[in-house]
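Below is one structure, written out as structure tokens; the observations come after it.
Every number in this text was worked out from the coordinates using simple rules, so none of it is lab data. What you are looking at is a predicted structure, and each value in this text was computed from that prediction instead of being measured. All Cβ positions, glycine included, derive from the backbone under ideal geometry; neighbour counts span all protein chains shown.
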Amino acid sequence: MSLFAFQQQFPDEASCLAFMETQRWGENGANRYCPHCGSLKSYRFADDKLFKCGDCRKKFTVKVGTMFSDSHVPLQKWLYAIYLNTSLKKGISSIQLAKYLGITEKSAWFMLQRIRYSVEKAGRGDLLGNSVEADETYVGGKRHDGMRGRGASGKTPVGSIAERKGVIRREVTENTKAVTLDKIITDHGEPGATVMTDEYRPYSHVTKLGYTHRRVNHGKKDCVIGKTTPLLVKVHGVTYSSVSKLSTLAFVQSTCKSSAQNMSTATLPGS
Ligand SMILES: [Zn+2]
């Protein structure tokens, strides 16, 4: 795309927001959901930028839960930065970018970090974005000691990360320590995404990894992959009834047989 065509397509902030809304939520926001709780009930404010969730009542914009969140730089400048960084053969330095966009070098550096990180991650496969839920569970092994979930003896730990669209990734892990679970989140979660977890302590520094962290109570119905229900039953309130617990278990076990860092990606029906 030429710079001229780019400027014509994105002449102002409104056109950039409209573009992003379509990219993220489909035409006319048909699949718009709340990045905080996943609810499909939300309302647009008169200013055209802000939305309010009909369930959790929190406000959000199209940028929440993406690489553009927590940034005061307008979306138009972000899109310009992405355009410049990808269309210039050698990319662009933060000093150059700051001059082009009329922002501080510090902001430019921050933006380039996020852009490069996303590009690099995208090169290794799609990142799960917006609103994802992370959890770990144990599969296989004989369980007669009455222990469930974490700490269950003879079982294989499996870390999972799932997003609203229904994509779920599972990885056999050595353990369920913070450093292990962090890696699953950073390997598969888009920077800036909202990561929902339960109260398990190793998740306590997800915010430091550059994500918005929200804890969900496993006792509540909207939890996704829980240790009480070890396999995926619901994604943000959407029930995947066509996926039985048994077939999901078979899927995990078959993909985790070699027990090394075995990765699988599955798109669940109904997503
Ligand atoms: Zn909500």
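A simple rule links phi to the HN-Hα coupling: the Karplus curve 6.51 cos²θ - 1.76 cosθ + 1.60 with θ = phi - 60°, which for the range 177-191 gives 6, 3, 4, 6, 5, 4, 5, 5, 5, 6, 6, 10, x, 5, x Hz, with x for Gly and Pro. The label point for Gln96 and the one for Phe4, both projected 7 Å from the Cα toward the Cβ, are 2.2 nm apart.
Loop-located trypsin sites (Lys or Arg not before Pro) across the range 2-84 with a Cβ neighbour count of 14 or fewer within 10 Å are Lys41, Arg57, with loop assigned by DSSP.
Annotation: amide H-H contacts under 5 Å for Asn175 (H modelled 1.01 Å from N, sequence separation of 5 or more, or interchain): none.
Using 0.36 nm per residue and subtracting the Cα-Cα separation, the extra length available between Ala30 and Leu88 on full extension is 17.4 nm. Amide H to amide H distances under 5 Å link Gly189 with Leu128, where only residues 5 or more positions off or on other chains count and H is placed in the peptide plane.
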